[in-house]
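The values are calculated or read from the model by the stated rules, or taken from the named source; none is laboratory data. Given the structure is predicted, the values throughout are model-derived calculations rather than measurements. Cβ sites come from the backbone with ideal geometry, for glycine too, and all protein chains shown count toward neighbours.
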Amino acid sequence: MDDELRRVRDWAQAKLDAGQEPPWAWYQYMKLVEAIDAILAGYQALIPMESLPRLDEHQATRLRLVVSTCSQDTAQSHPGQTPWGPLPT
């Protein structure tokens, strides 16, 4: 996949370098080159699966669901005002 992306990027860059494309096509080739550059850069940020910690190593530290005791209806508002502003008079 990496080699194919580089091949397409080189093709699009050659079109740009030739300078024979109309402005609308030049813009599309430029976006293609930029998109492929972003994808290839993103590949470098990936972590291989074999280097990730195993799930059983972190069983004791996993997240758990808790219940909130705070009521969301306790917010104080000013008299004559709604949450989105003062009422018209």
Q81 versus (1) surrounded by 10 or more Cβ atoms within 10 Å (Cβ to Cβ); (2) modelled with pLDDT of 65 or more: which is the lone unmet condition?
-> (2)
Show the residue pairs that are 6+ apart or on different chains and have beta-carbon atoms under 9 Å apart, the first residue being within segment 20-49 and on the phi < 0 side of the Ramachandran plot, the second being assigned to a helix (DSSP H, G or I) and exposed (fewer than 10 other Cβ atoms within 10 Å of the Cβ).
-> L40/D2; Y43/D2
Residues of segment 2-22 being touching a helix residue (DSSP H, G or I) at 6+ places or on another chain (Cβ under 9 Å) and part of a loop (DSSP other than H, G, I, E, B), in sequence order, are G19, E21
